[in-house]
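This report concerns only the one structure given below.
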Amino acid sequence: MKIFCHIAPATLMLLPLLCATAFSQAAPAVTYSPQELIQIAQQMREQAKNSGAVDSGIVEKFLDSSTIVASRDRDGQAELHERFEDVFVVLQGNATLVSGGTVVNPRTSAPGEIRGPSVQGGVRKSLREGDMAHIPANVPHQLLVQPGSLFTYFVVKVPVK
Ligand SMILES: [Zn+2]
């Protein structure tokens, strides 16, 4: 309590106001280091393996309503999101991002979500640790991952209007 003796009376009067403003939000910010995200992905892979779940090559988890940590060990499907942009940062490994062009044999997997086996006529970009990608809505894209290697990334899904 001694410390309060050194606070000017005017500041003391402001304290309740400052506290009310500073602490009115219920949930504090959540932070992760790249290592923590990689560890989460590793744990997910272990759990998937132990549960005997069919291995589709990808594990992913929503950390909150718009962020995902994902890890894959082989090519992904071609994707197109009508209602979201994908923004992601590579945490671990290498991949080739194919984007643009068209989705081959497109099918609707969920409202606004198109999937297919591959992207035709897209641009290929190599991605490695630390790289960032921004995929606008309605742009076909696919991640190609060397079989046996591991590609881990942190995704932000940005809704579009
Ligand atoms: Zn996507």
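The table for this structure:
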{"quantity": "Near pairs, Cβ below 8 angstrom, 6+ apart or cross-chain, from the stretch 26-50 (in a helix (DSSP H, G or I)) to any residue that is modelled with pLDDT under 90", "calculated": "48/55; 49/55"}
{"quantity": "Selection within the stretch 89-122 - of a type in the set (Val, Ile, Thr), away from the ligand (no atom under 13 Å from the Cβ) and in a strand (DSSP E or B)", "calculated": "89, 90, 96, 102, 108"}
{"quantity": "Pairs with Cβ under 6 Å, 6+ apart, first in the stretch 144-156 and more than 16 Å from residue 68 (Cα to Cα), second of a type in the set (Ser, Thr, Tyr)", "calculated": "144/96"}
{"quantity": "Number of the exception - residue 139 against (1) more than 15 Å from the ligand (Cβ to nearest atom); (2) not in a strand (DSSP E or B)", "calculated": "(1)"}
{"quantity": "Failed item, numbered, when residue 125 is tested on (1) assigned to a strand (DSSP E or B); (2) surrounded by 14 or more Cβ atoms within 10 Å (Cβ to Cβ); (3) in contact with a Leu (Cβ under 9 Å, 6 or more places away or on another chain); (4) of a type outside the set (Ser, Thr, Tyr)", "calculated": "(2)"}
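For every residue, the table says whether it meets (1) over 22 Å from residue 41 (Cβ atoms); (2) part of a loop (DSSP other than H, G, I, E, B); (3) among the charged types (D, E, K, R).
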position: 74; (1), (2), (3): no, yes, yes
position: 79; (1), (2), (3): no, no, yes
position: 87; (1), (2), (3): no, no, no
position: 161; (1), (2), (3): yes, yes, yes
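The values are calculated or read from the model by the stated rules, or taken from the named source; none is laboratory data. In this text the structure is predicted, and so the values were computed from the model without any measurement. Positions of Cβ are backbone-derived with ideal geometry, glycine not excepted, and every protein chain shown enters the neighbour counts.
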